[in-house]
Structure formats: C-alpha cells, structure tokens
C-alpha cells in the first residue's frame, strides 16, 4: 500500500519545510499556490499541476513562495518506517558541530 497524504499545506508568508531526506520515495502534486522546492541542491518553482519526485535519500525542502496557502497531494512508497523516517539537515549539522567540538 502506498500512503497518500491529501491536502497537505503551508501557510502563506514564507512557510517552510526545512531540508530533509527519507529512506523512501515521495511524489508531490501541487494543487494550489506556488512552491520553491529544493531537490538535491537544485531549485525549482512549482505551480498548480506541477509534479515533483524525491527519491530515497534525496535531500529536499519547500518554501511557500506565493501570497496564499500552498497545498499539495503527496504519496510515499514504500510505506514509511514507524521510526526514523525523517532525517532533517539541521539535525545532521548539529551533530557534526558537536563532534567537531569534541576533537
């Protein structure tokens, strides 16, 4: 079964989903609004009808670049694990800095 997350959204005014990756694939269909997407270091402007795909391990994030709400339909495959399905870049940066401080 492929999980489906209908109607996910980011509020207007620069709402952000920080960069992260997963051990599964995701597909995003933009329904309303404008997104600035970062997928493995490449920036894309996504508008209604646009589709974006993030493969397993793809570092990705989104910013609401429009004036109104940003809404999308999201699928994930295979089924995400119960734990450790989101690996945020900020967490890796924090851990790297902590290890460097110990050296």
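The values are calculated or read from the model by the stated rules, or taken from the named source; none is laboratory data. No experiment lies behind these values; they were computed from the predicted model shown. Cβ: placed from backbone, ideal geometry, glycine included. Neighbour counts: every protein chain shown.
Would you pick out the residues in segment 65-92 that are more than 19 Å from residue 27 (Cβ to Cβ) and loosely packed, with under 11 Cβ neighbours inside 10 Å?
67, 82, 83, 84, 90
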Please enumerate the residues belonging to segment 39-64 that are part of a strand (DSSP E or B) and either free of Cβ contacts under 8 Å to residues at least 24 places away in the same chain or buried (at least 20 other Cβ atoms within 10 Å of the Cβ) (or both). 39, 42, 43, 44, 45, 46, 54, 60, 62, 64
Would you check if there is a residue in segment 6-21 being at pLDDT below 75 and surrounded by 17 or more Cβ atoms within 10 Å (Cβ to Cβ)? yes
